[in-house]
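In what follows, a structure is listed as structure tokens, so that the remarks can point back to it.
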Amino acid sequence: MVLEGFKGSLDKIKRRFGERPKVAFFVDGPNMIRKEFNIDLKDLKKRVEKYGRIVIGKVFLNQFASEKLIEAVANEGFESVMALGDPEQKTDVDVAIAVHAMEAVENPDIEVIALASRDADFLPLIQKVKQSGKIALLVTVESGLAVSLRHAADYVELLK
């Protein structure tokens, strides 16, 4: 369900970009693909496809991702991006997501940037997406959601 009170409308996106806008979709794996949320990648994909055609789809994972998860990511047509770091420390995927998302922001063919995360660290990214004139879509869960992300995004898809 689209969050109540979202800014704009899907009709505005279609008028602005044509019938099927091109979407770049980035998933914060360690933050969103957790047992406690029971998120289905197929459901994530369906939610984002309402906003346009996904032409870039990447799931960011760390060194703790299982082979089964990596296979599930590939089976849904996403690219797995591994953020590797010091095995003694928890590897953070935020910088990798930000770099790939900014590449999409600079891509003139991309009209919508979709991010699946709950992390307030992505507020500057959402703000840059909007400053560039692109649509910022946040796909998230209520638990632990940074209020700043919810308010900054043009559209918010809450998963149950």
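The residue that is nearest to VAL95 (Cα to Cα), among those in the stretch 107-160 that are hydroxyl-bearing (Ser, Thr, Tyr) and in contact with a strand residue (DSSP E or B) (Cβ under 9 Å, 6 or more places away or on another chain), is SER117.
Screening ASN31 on (1) under 15 Å from LEU138 (Cα atoms); (2) at pLDDT 95 or above; (3) among the polar types (S, T, N, Q) shows it passes everything except condition (2).
Taking the listed residues VAL129, VAL95, VAL55, the one that is free of Cβ contacts under 8 Å to residues at least 40 places away in the same chain, farther than 20 Å from GLU36 by Cα and either basic (Lys, Arg) or surrounded by fewer than 20 Cβ atoms within 10 Å (Cβ to Cβ) (or both) is VAL95, with no other qualifying. For the stretch 52-80, the set of residues classified as outside any strand (DSSP E or B) and either among the charged types (D, E, K, R) or in contact with a Phe, Trp or Tyr (Cβ under 6 Å, 6 or more places away or on another chain) (or both) consists of GLU67, LYS68, GLU71, GLU76, listed by residue number.
All conditions in (1) under 23 Å from LYS134 (Cα atoms); (2) touching a residue at least 12 places away in the same chain (Cβ under 8 Å) hold for ILE39, with the sole exception of (1). Here ILE113 meets the list (1) surrounded by fewer than 17 Cβ atoms within 10 Å (Cβ to Cβ); (2) within 19 Å of PHE78 (Cβ to Cβ) almost entirely, failing just condition (1). For the subset of the stretch 98-110 comprising residues that are touching a residue at least 60 places away in the same chain (Cβ under 8 Å) and within 13 Å of the chain's Cα centre (by Cα), which member is surrounded by the fewest Cβ atoms within 10 Å (Cβ to Cβ)? Per the stated criteria, the residue is HIS100. Any residue in the stretch 7-20 that is touching a strand residue (DSSP E or B) at 6+ places or on another chain (Cβ under 7 Å), modelled with pLDDT of 95 or more and not in a strand (DSSP E or B)? The answer is no, given that none of the residues of the stretch 7-20 is touching a strand residue (DSSP E or B) at 6+ places or on another chain (Cβ under 7 Å), modelled with pLDDT of 95 or more and not in a strand (DSSP E or B). For the stretch 90-134, residues that are polar (S, T, N, Q) and either part of a loop (DSSP other than H, G, I, E, B) or at pLDDT below 95 (or both) total 4.
The values are calculated or read from the model by the stated rules, or taken from the named source; none is laboratory data. What you see is a predicted model; the values in this text were computed from it and never measured. As a convention, Cβ positions derive from the backbone with ideal geometry for all residues, glycine included, and neighbour counts pool all protein chains shown.
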